[in-house]
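The values are calculated or read from the model by the stated rules, or taken from the named source; none is laboratory data. Owing to the predicted nature of the structure, the values given are computational and were not obtained by experimental measurement. In this analysis, Cβ positions are derived from the backbone assuming ideal geometry, glycine residues included, and neighbour counts consider all displayed protein chains.
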Amino acid sequence: MVVKPVFVLVKFPAGAPLERAVLADLLQRTSVRYQTIPGLRRKLFIGGEGVGGGWYEWASRQQAEAYFNDGWRSTMLANYGVAPTVEYFDAPCIVDNDRGVIDYFLD
């Protein structure tokens, strides 16, 4: 049984796409920090035309909100010069083809 997850989309404006070697270095340096964050199930690093960010799956909204706090926003602004947008989403139904199941969260 999967506990009802919360998903968070974080986006920020980005310049030109990074060269492959630069991107690989950045991901290898930063991705490990996400392995020890309480309640974080998975993070996807995402990017598109003029935008970067992350798609996060959390065990609870409380844990997500505790992470994306004012201190986090200040750090992002200091390190990257932008304050990302943060959007929260519920998922009433998840089709999980890796596990071969469909989970419903209708309560």
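Residue count for region 31-62 under the criterion of being surrounded by fewer than 16 Cβ atoms within 10 Å (Cβ to Cβ), under 10 Å from the mean Cα position of the chain (by Cα) and not in a helix (DSSP H, G or I): the result is 6. If the condition is being of a type in the set (Asp, Glu), within 27 Å of Gly15 (Cβ to Cβ) and within 15 Å of the chain's Cα centre (by Cα), then region 63-107 contributes only Glu87.
Of all the residues in region 75-107, those that are modelled with pLDDT of 95 or more and part of a helix (DSSP H, G or I) number 0. Under the condition of being assigned to a loop (DSSP other than H, G, I, E, B) and either among the aromatic types (Phe, Trp, Tyr) or within 30 Å of Asp107 (Cα to Cα) (or both), which residue from region 1-30 is modelled with the lowest pLDDT? Per the stated criteria, the residue is Met1.
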